[in-house]
Amino acid sequence: MNNLDLIDKAFFLKKTPIFNTLDLDLLLTIADKLHLHTLEGHSTIFTPGESGNRLYFVLSGNVEILSCASAPLATVAPYGFFGQESLFNNLPRSYTSITRERTDLLSLTRTNLYSIISECPSVAVAFLSELHRKVDCVF
Amino acid sequence: MNIPKKGLIQRIFHVYPDEIRNSLLFAFLGFLWAFAATCGLKFADALFLLHVGADSLPTAYTCTALGMFGIATILLYAYHRFSSYQIYLSVLSIGICLYLFFFVLRLFNLDESASWFWYALKLNGFFLFAVLMTCYWTFIDQYHHMQNSKRLYSLFSSTVFIGAASTGFVMQSGFLTLNSWILVTISLLGSTILWIRHITKIVVPIAHEEEALPGELNEANNSFTFLIKSILASPFTLLVMTCNFTVYLLLVITEYNYMSSFQQYFANSPHPDLGGGTEAQLTLFLGKCISAVSFSNLFFGLFIYSRLVRKLGISVMLMITPILLIFAFTGWSISSSLLFPLIGFFVVEGTLLVIDDSNFNLLLNAVPSRLKYKIRALIESFLEPVGMLTSAILLSFFKEDSKYLGLGLAVCLLFIAFTIRYRYLQALFFNLSENAIHFHRSVKRWIEKMQPSDQVLMKQKLDQFLQSQDENEKLLASEGILGFQDPNLLPDLFKTFETASTSAKMKLVQNIQKGIFWDHPLVIKKMNEWGKEDSSLSFHFVSNKKETEKDFQVILKKIRKENHLRLETIKALETIEDPSFISPLIRASTHFRPSEKRLIQEMIARMKDKAIPYLVDLLGDTSVPHSCRLLAGKIIGRISLPILRDHLSKIIPSDIERAYFYFYHAHTIQSKEPLLDLNLLCEILLTDYETVIDFIIQILGVSDEVEDEELLSRSLKSQNPKIRSQVIEALEKTVDPAIFRLLQPLIDDIPKEEKMRAYLKNQQEALNLNALIDRMKNSSLQIDQLKAVALKYELKLPGWMDDLHSQFSSKDPISHQFASELLDT
């Protein structure tokens, strides 16, 4: 997916749970800072113990989340995201993420994420909502 | 809190106490790999001469140059796909494997008559040295930003030099055989790997967020074409590459000229007493020169360079080599004195290594970050052999006029240095701008910044999204279409929303009302139509109005009239002759909208000199809110920039003192009152400190001292130390040196003890809690006033009741409410 431009990224972000309340001007601003990664199937994105400074959104394909013991924990489908924990708690990655098939990811760095949150506090609220939704699912 | 005195290491090497451990780690790394690589290089050179002969050197040089092109290509690809840490370890491992291979060959005596063995050894030595040099600087760059690299990089390059020089001692000792030399090299390379792993375990890199994922494909950004396009799009990068290429040309030409001069000099003045003829004299002389230059290089690199670059700036350091060479080549052309060849020798063996290499490391910080490591690999692995090859060709054509050739190139280098000096600040701003997030950029602005072909593509995509069944996508696309600000697009836009839901239509109208088409006849007509078709829409359009008129033209005119009420009032003030309204008007402007503030600016600026005394009073009054002082500053700037700058030179130092005050007390007040929980107070003081810094940068921008003060102010708060260091560099280049000297310790990433030392050095007072609270009570910042009253209340300090009542009586609703809640308790 090499011809993904700014407007495509902005429209993608609008469908994500974190940025779906933002207007186009902010979405374009954030889209400008997204970095596209294309990986083949069964590629490792990160492993436990690595330092984490990016949050990933799945553009296409699927990403499997595995525990330290390689037990499957979750699957992240398009418009989902993962990798945000290390950005907030400053700890190394605590799980493995692997692509199941050829996958396109859009990533956002910690520096940019913090800037976005300080400018748009609603993004932080959206993260909290997602966190609580996931916790509710577990319970 | 006791601030420890400066240690010896800090005084001599300008290494802060918390940097000592890391600096020693990286310095030792430089020594280790340089010792290893130079062992391989110099022993191989010596053995090549012994076993193959000097006649084969040109072949070896050609193979080296061709090999470096291949290596440059591999390195460029590697920097796209792998981290600098992985590349560094891989290169060292490959080096170990190759030397093991050579060792095995030696054990089986397979090398004795094989000249290819000595060629391979020599080439391997050169390649390993060149690649490890690139790897080392790229690796340590992960851990340093521009400001600390100015202080520390010359120290690291000195330890590299010491490592290289250590090879000379080992070679002189003569106790190493070939086999033991190979084993020593392998051991040193292995130790380097272990040391690097040790460093990565204990030192945290500065945000290296641009690395690619392992296994990442992304062919578009990996291509060589993309790299070339990126380089061509960055004039500063091109300048840096041109500068380095010219330096490589000059290196060979200068060396040729001084070697020729030395040879001629000693051939013409033999001293038989020294024995061995002129060769011995020349060798002895060169040996003395090399020793002297080596010693001065070490001394300069360890103690002088970092001080000079911080005092004079990199743009001045760039001039040293070209000026020396111009002087040398000019003198050379007219005199046969040994002075000029000696200057040339000093430049090639001295300044090029110590000054220009270090300058290059610093200048790379202004190259776009995505290109940085590739540019280093390109220059060191590709441009260097090309430069040497080119100068060899030039010398073959201009042998007789080589001094004039050198002079011409030196003048070119000086011109390039001036251009780099001019472009340096722009390059820093470009980097900051690339890294910045443009939150205040509208859709219209995003479209304007695109190439025309991209605008067309965007329009096509928006049209596609407008046809989507998903109303959210349609609405988002409508925002994009409205961003083009083309009224011809409105009919199609309305057409796509004809069958949309009521809420979507409402949202569309809200989007339109935010922009320039809010009173366009087509919009009003459509709102009338939709209002008639759907009564809920009609209700929404008139819901804020008490009137029941359905004529939107009339309603819109009335809305306009109400919004302009304050503006009309401000305009009316202009008719008043007495300028004394200026002060209360500007103080009230904290509640005004941007359009109202702009009108105030224009109106007061028209009053010219009459307004200046009032504006200057406001600007210098630290009890006035910052936004009001900024507004006053902007107006003075419009009337007369010299008057503003003149006053700022007196005002800004006192604001800098305030910033120091807040910073110092934020870090010391808790230790003075250990039994109290003053966490919130410390947070407030730190926020005050940041607010004052913000104000200083904004007011410097108003006075045209800095460009794009919004960008600098935002970037200074970045989490990324590399971005913050670029801001400091940009400020250093633009702000008055006296102001920057006061400001720098505050904003630089230095230990907080240094900042507090700077505060106390200016004989500033260290207040106790009571005095601090009293000071905060009189602050212009409301949060300070509230916290001061709250603390006095909590601690029951003398006068707390009076202060609380005073705040309760305040006209400001927030202060009143705050005091009221405290009194209720």
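Here is how the numbers come out for the structure above:
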item: Other protein chain Cβ atoms within 10 Å, averaged over every residue that makes up A:4-17; result: 4
item: Probe 1.4 Å, protein heavy atoms only - accessible area per residue of the protein assembly as shown in square angstrom; result: 46
item: Tilt relative to chain B, helix B:813-824 - C-alpha long axis, 0 to 90 degrees, to 10; result: 80
item: Cα gyration tensor shape of chain A, rounded if a/c is under 1.5, else prolate or oblate by comparing a/b with b/c; result: oblate
item: Nearest-ten-degree value, helix B:594-606 long axis tilted from longest Cα axis of chain B; result: 90
item: Within the accessible area of the protein assembly as shown (1.4 Å probe), percent carbon and sulfur; result: 60
item: Förster radius 56 Å - calculated FRET efficiency between B:Thr575 and A:Thr44 (Cβ-Cβ, nearest 0.05); result: 0.15
item: Relative contact order [Cα under 8 Å, 6+ residues apart], chain B, whole percent; result: 12
item: Neighbour-limited loop hits for trypsin sites (Lys or Arg not before Pro), segment B:1-73 (at most 10 other Cβ within 10 Å; DSSP other than H, G, I, E, B); result: B:Lys5
item: Chymotrypsin sites (Phe, Trp or Tyr not before Pro) restricted to DSSP loop in segment B:86-193 with at most 15 other C-beta within 10 Å; result: B:Phe108, B:Phe175
item: Cross-link partners of B:Lys526 among aspartates and glutamates (Cα-Cα below 14 Å; sequence separation of 8 or more within a chain); result: B:Asp492, B:Glu498, B:Asp534, B:Asp551
item: Above-threshold pairs, the threshold being 21 Å between Cα atoms, out of B:Lys474/B:Lys505; B:Lys288/B:Lys399; B:Lys571/B:Lys597; B:Lys311/B:Lys733; result: B:Lys288/B:Lys399
item: Spin-label proximity, A:Ser51 to segment B:705-746 - amide N less than 17 Å from point 7 Å beyond Cα toward beta carbon; result: B:719-725
item: Accessible area that becomes buried as B packs against A, both chains, 1.4 Å probe, Å², nearest 100; result: 3400
item: Order by protection proxy (mean Cβ within 10 Å, highest first), peptides B:514-526, B:788-800, B:341-353; result: B:341-353, B:788-800, B:514-526
item: Loop-located GluC sites (Glu not before Pro) in segment A:17-124 whose Cβ has at most 16 other Cβ within 10 Å (DSSP); result: A:Glu40, A:Glu50, A:Glu101
item: Spin-label pair B:Leu66/B:Leu194, simplified geometry with 7 Å Cα→Cβ offset, distance in nm; result: 4.0
item: Shielded by partner chains, segment B:419-468 residues - at least 50 Å² of accessible area, 1.4 Å probe, vs chain alone; result: B:Ile437, B:Phe439, B:Trp446, B:Lys461, B:Phe465
item: Stretch gain in nm, segment B:Arg606-B:Thr825, where the contour uses 0.36 nm per residue and the Cα spacing is subtracted; result: 73.7 nm
item: Helix runs (DSSP H) in chain A reaching 24 Å along axis by Cα, Kyte-Doolittle at least 0.5; result: A:121-138
item: Average other protein chain Cβ within 10 Å of Cβ, residues A:116-127; result: 1
item: Rounded tilt (10° steps) of B:641-672 against the dominant C-alpha axis of chain B; result: 80
item: Segment B:Trp518-B:Ile228, length gained on full extension (0.36 nm per residue, minus Cα span); result: 99.8 nm
item: Pairs beyond 19 Å (Cα-Cα), from B:Lys608/B:Lys634; B:Lys229/B:Lys374; B:Lys755/B:Lys777; A:Lys33/B:Lys722; result: B:Lys755/B:Lys777
item: Per-residue ³J(HN,Hα) for segment B:85-90, Karplus 6.51 cos²θ - 1.76 cosθ + 1.60, θ = phi - 60°, Hz, x for Gly and Pro; result: 5, 5, 5, 4, 5, 5
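The values are calculated or read from the model by the stated rules, or taken from the named source; none is laboratory data. Remember, it's a predicted structure, so these values are computed and weren't measured experimentally. Backbone-built Cβ (ideal geometry, glycine too); neighbour counts: all protein chains shown. Quick note on the areas: whole protein, heavy atoms, side chains included, nothing else; ligands and nucleic acids left out. Shrake-Rupley method; radii C 1.70, N 1.55, O 1.52, S 1.80 Å.
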